[in-house]
Amino acid sequence: MQANENAAKAMLDDAYQVGRAVSRRAPKDFVPLYFWGAFLVLLVPGFDYFSTTEWGWTVIAVAAAGTTFTAYYYASRSRQVRTVERVGPWTWIALNAWVSLVGLGSLALGVRFQFTYTLGGLLSGVPYLLLAERLRNQV
Amino acid sequence: MSHPRTKLDGIIHNPTRLSLLAALAKADSLEFKFLRDTLDVSDSVLSRQIASLEEAGYVKVKKGYAGKRPRTWLSLTQPGSKAFEEHVQVLMEIVG
């Protein structure tokens, strides 16, 4: 009887380990979400402190690197493990629409108020970070 | 009352097949070479086990290309998913 139990336990352990190995390799939406959230929170405020042209090039360079990273991340992971995307296209559209809206608001209010980009960076980036955190906890 | 081991699925009970289904249960589909390396088995062993599971209707095999390279993708069918869950449940009953 003990032998049956030990064999069953060994099989369950093995199945668990294999499942973990697959999960580790699967593409995870929270990784790019963290990146883009941090990008917005950390880089957008720079427009309040540096020249728009100079800082704009920095932001464009980081955004280009981020886009390359995101594309490579999904392409390399999906070559071996394919999973249902947990962040659907409508969520991405909603997030991007929100960023555009906040960006336009920062631009418009920047004429009359100070630190609108700092506020805009926080308002646009935090939803990305919150969603990333929620997804990370579900893994 | 019968011992839970009598409820074990004979097709899944093979350790490689159980690991294979455990891996497929965690994704929509997995690439053959990734599965081979993860399970640490040879191509021929994996192919044999896949054939048995495919015959039982537990896995689906899809062949395609990534660029010019041929790729084989495997996924769990609905009966396969159900059978795997039930098998794991029985193993847990045995462990207690």
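All of the numbers you see were taken from the coordinates with simple rules; none came from a lab. These numbers were taken from a predicted model, which means no experiment stands behind them. We place every Cβ from the backbone using ideal geometry, glycine too, and count neighbours over all the protein chains shown.
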Exercise for review: Take the range B:54-87 and flag every residue that is in contact (Cβ under 8 Å) with a residue 24 or more places away in the chain and either within 11 Å of chain A (Cβ to nearest Cβ) or touching a Lys or Arg at 6+ places or on another chain (Cβ under 6 Å) (or both).
Suggested key: B:Lys62, B:Arg71, B:Thr72, B:Trp73, B:Leu74, B:Ser75, B:Phe84, B:His87
Check your understanding: Where residues in the range B:21-53 are part of a helix (DSSP H, G or I) and touching a residue at least 40 places away in the same chain (Cβ under 8 Å), which of them is farthest from the chain's Cα centre (by Cα)?
Key -> B:Phe32
Revision key, fill the gap. Exactly one of B:Val95, B:Val59, B:Val41 is in contact with a helix residue (DSSP H, G or I) (Cβ under 7 Å, 6 or more places away or on another chain) and more than 24 Å from A:Arg24 (Cβ to Cβ), and that one is B:Val95
Review point. Does B:Gly57 qualify as being within 12 Å of the chain's Cα centre (by Cα) and part of a loop (DSSP other than H, G, I, E, B)?
Key: yes
Practice item. Take the range A:112-139 and flag every residue that is in a helix (DSSP H, G or I), in contact with a Ser or Thr (Cβ under 9 Å, 6 or more places away or on another chain) and aliphatic (A, V, I, L, M). Key: A:Leu119, A:Leu123, A:Leu131
Check your understanding: Checking B:Leu39 against (1) under 16 Å from A:Val22 (Cβ atoms); (2) away from chain A (no Cβ under 11 Å), which test does it fail?
Key -> (2)
Point to revise | Residue ranges of helices (runs of 4 or more DSSP H) in the range A:1-85 with at least 1 members under 27 Å from B:Gly64 (Cα atoms) and at the interface with chain B (Cβ under 8 Å from one of its Cβ atoms) | key: A:2-25
Practice item. Taking the options A:Arg112, A:Arg79, A:Arg86, name whichever one is charged (D, E, K, R), surrounded by 13 or more Cβ atoms within 10 Å (Cβ to Cβ) and more than 19 Å from the chain's Cα centre (by Cα). Key: A:Arg79
**Study point:** Criterion (surrounded by 14 or more Cβ atoms within 10 Å (Cβ to Cβ) and either among the aromatic types (Phe, Trp, Tyr) or out of contact with any Cys (no Cβ under 8 Å at 6 or more places or on another chain) (or both)) met by exactly one of A:Tyr73, A:Tyr49
**Key:** A:Tyr73
